[in-house]
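Read the structure below first, then the notes.
The values are calculated or read from the model by the stated rules, or taken from the named source; none is laboratory data. In this text the structure is predicted, and so the values were computed from the model without any measurement. Ideal geometry is used to build each Cβ from the backbone, glycine not excepted, and the neighbour counts take in all protein chains shown.
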Amino acid sequence: MKLNVRQTVLIGLPFASILAFWQFYDQVIPVILENRFGCSTLITNVVMSIDNVLAVFMLPLFGTLSDKTSTRLGRRTPYILFGTLAAAALMIVMAALTESRSFVGFFICLMILLVTMSIYRSPAVAYMPDVTPKPLRSKGNAVINLVGYIGGIFSTILMTFLISSRTTDSGIIEYDSFIPIFTAVALFMLVTVLAMVFTLNENKVVRNSGVGNDAEEKASAGEKLPKPVVKSLVFILVSVFLWFTAYNGVTTSFSRYFENRYGLDAGVSSLYLTVATVAAIASFVPLGIISSRLGRKKTILIGITVMTVCYLAIFFLGSAGVLMYIVFATVGIGWAAINVNSFPMVVEMCHSSDVGKYTGYYYAFSMAAQIFTPIFSGILITKLGYTVLFPYAVIFSALSFITMIFVRHGDSKPEQKASVLEHFDVDID
C-alpha cells in the first residue's frame, strides 16, 4: 500500500490557499483596522476573534453538509471551488473599500468573507481522508501540512514585497495602498484551487481510491459509533483543546513575555517562533513516516512530552541565547508530531460518510481553545505577571498527555517493513 504523493499534493493546494489567506488576515487586517479606520486595540482584538467564534459552529456544519452532497464535481469540490471564488471576489471589494475608507462596507464584507472561508475549510481538509486509506493518513496529513505551510510562507513573502509604508515627520506610520496585497493573495488562492479542480476529478479519484467502498464500511454507514469509540473520540477532542490551549497561550503572549523578561523587541523575539515553524515544516514528512512505524498515539505522546519539557526549560532559561533557538526548534518538532497524527486519529474513528463532520469537530475544538486561551491566560498574566506563561503551558500540555492516554481508538497499525528504505516507498504517479 503506497501513498500517491502527486495526488495528495494536489489535494493539499486548497489548504495552501487557506493558510495563505489566514497568514494575510492575521497580519494585514489588524493594521487596516487600526491604521485606516482608527479602531482601538480592544475593538481590533474583538473583530479578530470573530473568525474563531464562527468556526466553532460553522466548520462542523459545512463539514456535515459536504458529507451529504453529491454532484458532478464531487462532494467536497463544490464547496472548495465556489467558496474560493466568493472569497477572492470579496477580497477585491474589500481592497477598494479600504482605499475609500468605508468602514461599514469593509466590516460587512469582512464578516461575509469569514463565513465564506468557513464554508470550505472542513471540506478542503476532509478531501484527503476521503481518498487515502486509513493506514496512510498520517503520511497524507504530513504532505497536506507541508503544502499548506508553503502557502502560508508564500503569503508572507508577498506581504514583504507588496506592503509599503512611510513614517511621517510626527513619527506616525502611514501605509500605501493595500490593493496589491489583497489582489495577490486572492489570485494565489484562485490559482491553487483551480489547479486542483482542473487536475483532479473528485468522483473519479474517490472511485479509484476504494476508500469507503468495502461492504463493511457501507453497511455501517449512518450507524452510531460504539460507546468505546465515542469515549476515545471525546478524549482526543479534549486533548486537542488542551494542547492548543497550551501552545496558543504561548504564541499569543510570546512577544510581550520576551520583552518583559529579556528586554527583546517583537522583531527579535519573533525569530524564535520562526525557528519553531521551520523545524515543524522540515519534520512533517519524516514524522509521518515515523508514525507509520510507531503508531499515531505513541508519536503524539512523544510530541506532547517533548513540548512539555521544552516549556519547562524555557521557564528556567536565564538568557535568550543559542540554547533558546534549539529549544524552540524542538518545540516545532514536537508540535508537528502532534499535528501530523491527531487529525487522522479523529477521522479514523468515523465512517467514510461522516469524514467532513468529524473534520469539523476537530477544528471546532482547536478553535474553541484559541478563543479560551487568550482570555484565560490574559487574566492570569494580569494578576500574576508574565512569569506565569510557561507554567501555564506546562500544566495544559501535561493535562493533554493524561487525556490522550485514555484514547483507545483511531491509531494505525504500524506497518511491518522488510527494510528501513521501504518506509520511503511512496507512489509519485
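So here's what we get for this one:
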{"read-out": "Residue among Phe390, Phe343, Phe365 that alone is under 22 Å from Leu271 (Cβ atoms) and of a type in the set (A, V, I, L, M, F, W, C)", "value": "Phe390"}
{"read-out": "Condition broken by Ser49, with the remaining ones in (1) surrounded by fewer than 17 Cβ atoms within 10 Å (Cβ to Cβ); (2) without any contact (Cβ under 8 Å) to a residue 60 or more places away in the chain; (3) over 24 Å from Ser100 (Cβ atoms) satisfied", "value": "(2)"}
{"read-out": "Cβ-Cβ under 6 Å pairs, at least 6 apart or on other chains, the range 98-115 side among the acidic types (Asp, Glu), far side surrounded by 16 or more Cβ atoms within 10 Å (Cβ to Cβ)", "value": "none"}
{"read-out": "Number of positions in the range 216-256 that are at pLDDT 85 or above and assigned to a helix (DSSP H, G or I)", "value": "24"}
{"read-out": "Answer residue from the range 322-365, given it is within 21 Å of Met58 (Cα to Cα) and of a type in the set (Gly, Ala, Ser) and is surrounded by the fewest Cβ atoms within 10 Å (Cβ to Cβ) among those", "value": "Ser353"}
{"read-out": "Residue under evaluation Leu287, criteria (1) surrounded by fewer than 17 Cβ atoms within 10 Å (Cβ to Cβ); (2) in a helix (DSSP H, G or I), criterion not met", "value": "(1)"}
{"read-out": "Selected residue [at pLDDT below 95 and either among the polar types (S, T, N, Q) or assigned by TED's automatic domain parsing to the domain that holds Gly332 (or both)] from Thr168, Thr199, Thr192", "value": "Thr168"}
{"read-out": "Every pair of residues 6+ apart whose Cβ atoms lie under 6 Å, when the first sits in the range 390-414 and is in contact (Cβ under 8 Å) with a residue 24 or more places away in the chain while the second is part of a loop (DSSP other than H, G, I, E, B) and of a type outside the set (Ser, Thr, Tyr)", "value": "His409/Met349; Gly410/Met349; Asp411/Gly295; Pro414/Gly295"}
{"read-out": "Qualifying residues in the range 69-109 (those that are among the basic types (Lys, Arg) and under 24 Å from the mean Cα position of the chain (by Cα)) - the one surrounded by the fewest Cβ atoms within 10 Å (Cβ to Cβ)", "value": "Arg75"}
{"read-out": "Residue in the range 41-57 that is at pLDDT below 95, assigned by TED's automatic domain parsing to the domain that holds Met111, out of contact with any helix residue (DSSP H, G or I) (no Cβ under 7 Å at 6 or more places or on another chain) and not in a helix (DSSP H, G or I) present", "value": "no"}
{"read-out": "Residue in the range 71-78 that is under 21 Å from Ile181 (Cα atoms), free of Cβ contacts under 8 Å to residues at least 60 places away in the same chain and either touching a Lys or Arg at 6+ places or on another chain (Cβ under 7 Å) or not charged (D, E, K, R) (or both) present", "value": "no"}
{"read-out": "Odd one out for Ile181, checked against (1) farther than 21 Å from Gly83 by Cα; (2) modelled with pLDDT of 90 or more; (3) not hydroxyl-bearing (Ser, Thr, Tyr)", "value": "(1)"}
